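Novice: Quick one: the structure is below, and I'll ask about it shortly.
The values are calculated or read from the model by the stated rules, or taken from the named source; none is laboratory data. Keep in mind it's a predicted model, so treat the numbers as computed, not measured. Reconstructed Cβ throughout: ideal geometry from the backbone, glycine too, with neighbour counts over all protein chains shown.
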């Protein structure tokens, strides 16, 4: 068993209507001025107004920032930093999907430690303390609420930058399944499949530990058994809660073991074509599972047994088939050609994929040739 150093930095408050405790929980963070980071869709859904009311009733002065999109970049983060500095905030509340949570972390980095997001690419580069933060995820997907990394695009190159530091972890995560009911079906499908991929990849990485196994396995159990249910019955709060908790647990697993070739191949698709991350993941994950099977087939057998499915003689193929079934249930694309990716661009995409950090953790050695083979199989 591999050595590990494990501590959960994030308090989890889980259950229907737990968002009603927002005021008291932010007050516990300290200070009386907070920045609420939320995307415009959350404003339209009424979640932001409700949060502002809860904060105000608790004696907290809230300020808002919404000037970012689904793939927050370094320029958007700098805009948020300027706004936060002018408001004199003492904490940050992020409400929304991974974009809001990552943007909030990015703002915190540059507000408290200066510089630009490029200065924080990698891990542990924030020398000074950061402001306390709270996450209120409204999608069950990225698991950013359980991670100390922010994924921010470089505004000039469009490359995804993973910027991490232990101080960037949320102090509190409020997991309220009621908040996820209003999301469109397409968002539920793509975000949920992304969470599934986190559990599958974190369970087999070269750096996995006993702790990451524990969280990845339970995340897979929750996600695999409730994904189709939440799509068929979107108001089922039990299924919504299982997906939200599973996504968080998968995020904990990522902190311990990272990800693999699926994410390495997906990131260039988002950078070059603006493909929604979960959609890119849905195209690549079954192919990566088949490709990895010779190295970690026993691990895939474990996952099949967790969800009560017979692994047979080829567990990698069986797991890939199950992942294909889940993608079909979500109405997600199954091939790169469906995304409008030109075949002649695959070599360039493979070169980009080979530079992605997550590829270094894949259980099977991953390089540009491997990425090209995976893109070809997914075409």
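Novice: When the residues of the stretch 155-170 are filtered to those that are out of contact with any strand residue (DSSP E or B) (no Cβ under 6 Å at 6 or more places or on another chain) and part of a loop (DSSP other than H, G, I, E, B), which remaining residue is surrounded by the fewest Cβ atoms within 10 Å (Cβ to Cβ)?
Specialist: 156
Novice: Regarding the stretch 318-332, can at least one residue be identified that is touching a helix residue (DSSP H, G or I) at 6+ places or on another chain (Cβ under 9 Å), buried (at least 23 other Cβ atoms within 10 Å of the Cβ), closer than 30 Å to residue 156 by Cβ and in the same structural domain as residue 224 (by TED's automatic domain parsing)?
Specialist: No, every residue in the stretch 318-332 fails to be touching a helix residue (DSSP H, G or I) at 6+ places or on another chain (Cβ under 9 Å), buried (at least 23 other Cβ atoms within 10 Å of the Cβ), closer than 30 Å to residue 156 by Cβ and in the same structural domain as residue 224 (by TED's automatic domain parsing).
Novice: When you look at residue 3, is it more than 17 Å from residue 172 (Cα to Cα) and over 21 Å from the mean Cα position of the chain (by Cα), yes or no? First the steps, then the outcome.
Specialist: Details: more than 17 Å from residue 172 (Cα to Cα): yes; over 21 Å from the mean Cα position of the chain (by Cα): yes.
Judged against the criteria, residue 3 is a match.
Novice: Checking the structure you have, find out if any residue of the stretch 10-27 is without any contact (Cβ under 8 Å) to a residue 24 or more places away in the chain and not assigned by TED's automatic domain parsing to the domain that holds residue 276.
Specialist: no
Novice: Anything in the stretch 60-85 that is in contact with a strand residue (DSSP E or B) (Cβ under 7 Å, 6 or more places away or on another chain) and within 16 Å of residue 151 (Cβ to Cβ)? List them, or say none.
Specialist: Within the stretch 60-85, the first condition is being in contact with a strand residue (DSSP E or B) (Cβ under 7 Å, 6 or more places away or on another chain), and the residues that meet it are 60-66, 71-74, 77, 80, 83-84.
Within the stretch 60-85, 71, 72, 73, 74, 77, 80 qualify.
Novice: Scanning the stretch 219-246 for residues that are within 16 Å of residue 15 (Cα to Cα) and either modelled with pLDDT under 95 or more than 18 Å from the chain's Cα centre (by Cα) (or both), which turns out surrounded by the most Cβ atoms within 10 Å (Cβ to Cβ)?
Specialist: Here is the first cut: in the stretch 219-246, the residues within 16 Å of residue 15 (Cα to Cα) are 222, 235-246.
In the following step, the residues that additionally are either modelled with pLDDT under 95 or more than 18 Å from the chain's Cα centre (by Cα) (or both) were identified as 235-239.
Details: 235: 9, 236: 16, 237: 18, 238: 13, 239: 23.
Per the stated criteria, the residue is 239.
Novice: Quick test for you: out of 275, 270, pick the one residue that is more than 17 Å from residue 325 (Cβ to Cβ), assigned to a helix (DSSP H, G or I) and at pLDDT below 95.
Specialist: Details: 275 fails: assigned to a helix (DSSP H, G or I).
Result of the check over 275, 270: 270.
Novice: Tell me which of these residue 36 doesn't satisfy, since it passes every other one: (1) touching a residue at least 60 places away in the same chain (Cβ under 8 Å); (2) surrounded by 14 or more Cβ atoms within 10 Å (Cβ to Cβ); (3) closer than 20 Å to residue 175 by Cβ; (4) more than 19 Å from the chain's Cα centre (by Cα).
Specialist: (1)
Novice: Right, next: Any residue in the stretch 241-252 that is without any contact (Cβ under 8 Å) to a residue 12 or more places away in the chain and either assigned by TED's automatic domain parsing to the domain that holds residue 328 or not in a helix (DSSP H, G or I) (or both)? Walk me through it before giving the result.
Specialist: Filtering the stretch 241-252 for residues without any contact (Cβ under 8 Å) to a residue 12 or more places away in the chain gives none.
No - not one qualifying residue is present in the stretch 241-252.
Novice: Go through the stretch 1-49 and give me each residue that's more than 20 Å from residue 146 (Cα to Cα) and assigned to a strand (DSSP E or B).
Specialist: 33, 34
Novice: Just to be sure, is residue 151 in contact with a strand residue (DSSP E or B) (Cβ under 7 Å, 6 or more places away or on another chain), at pLDDT below 95 and not in a helix (DSSP H, G or I)?
Specialist: On the way: in contact with a strand residue (DSSP E or B) (Cβ under 7 Å, 6 or more places away or on another chain): yes; at pLDDT below 95: yes; not in a helix (DSSP H, G or I): yes.
It is true that residue 151 is in contact with a strand residue (DSSP E or B) (Cβ under 7 Å, 6 or more places away or on another chain), at pLDDT below 95 and not in a helix (DSSP H, G or I).
Novice: Is it the case, given these coordinates, that residue 56 is touching a strand residue (DSSP E or B) at 6+ places or on another chain (Cβ under 9 Å) and either within 17 Å of residue 131 (Cα to Cα) or surrounded by fewer than 14 Cβ atoms within 10 Å (Cβ to Cβ) (or both)?
Specialist: Details: touching a strand residue (DSSP E or B) at 6+ places or on another chain (Cβ under 9 Å): yes; either within 17 Å of residue 131 (Cα to Cα) or surrounded by fewer than 14 Cβ atoms within 10 Å (Cβ to Cβ) (or both): yes.
Yes: the conditions hold for residue 56.
Novice: If you don't mind, another one. Got a sec? Which of 89, 107, 95 is assigned to a helix (DSSP H, G or I), under 27 Å from residue 20 (Cα atoms) and in contact (Cβ under 8 Å) with a residue 12 or more places away in the chain? Quick ask: steps written out before the conclusion?
Specialist: Details: 89 fails: assigned to a helix (DSSP H, G or I); 95 fails: assigned to a helix (DSSP H, G or I).
Only one candidate passes the filter, namely 107.
Novice: Just checking, how many residues over the stretch 334-349 are surrounded by 18 or more Cβ atoms within 10 Å (Cβ to Cβ) and touching a residue at least 40 places away in the same chain (Cβ under 8 Å)? I'd like the intermediate steps shown before the answer.
Specialist: Looking only at the stretch 334-349, we keep the residues that are surrounded by 18 or more Cβ atoms within 10 Å (Cβ to Cβ), and these are 336, 341, 346, 349.
Subsequent filtering for residues that are touching a residue at least 40 places away in the same chain (Cβ under 8 Å) retains 336, 341, 349.
So the count comes out to 3.
Novice: List, please: which pairs have Cβ atoms under 6 Å, are six or more places apart or on different chains, and start with a residue in the stretch 116-134 that is in the same structural domain as residue 24 (by TED's automatic domain parsing) and assigned to a strand (DSSP E or B) and end with one that is surrounded by fewer than 22 Cβ atoms within 10 Å (Cβ to Cβ) and at pLDDT 95 or above?
Specialist: 134/172
Novice: Specify which of the listed residues (308, 312) is on the phi > 0 side of the Ramachandran plot, touching a helix residue (DSSP H, G or I) at 6+ places or on another chain (Cβ under 8 Å), assigned to a loop (DSSP other than H, G, I, E, B) and at pLDDT below 95. Spell out how you get there, then give the answer.
Specialist: Values: 308 fails: touching a helix residue (DSSP H, G or I) at 6+ places or on another chain (Cβ under 8 Å).
Exactly one residue qualifies, and that residue is 312.
Novice: Answer yes if at least one residue in the stretch 69-80 is within 21 Å of residue 27 (Cβ to Cβ) and either buried (at least 24 other Cβ atoms within 10 Å of the Cβ) or in the same structural domain as residue 273 (by TED's automatic domain parsing) (or both), and no otherwise.
Specialist: Filtering the stretch 69-80 for residues within 21 Å of residue 27 (Cβ to Cβ) gives none.
No, every residue in the stretch 69-80 fails to be within 21 Å of residue 27 (Cβ to Cβ) and either buried (at least 24 other Cβ atoms within 10 Å of the Cβ) or in the same structural domain as residue 273 (by TED's automatic domain parsing) (or both).
Novice: Among the residues of the stretch 350-378, write down those that are surrounded by fewer than 16 Cβ atoms within 10 Å (Cβ to Cβ) and either touching a helix residue (DSSP H, G or I) at 6+ places or on another chain (Cβ under 7 Å) or within 19 Å of residue 320 (Cβ to Cβ) (or both).
Specialist: 351, 373, 376, 377
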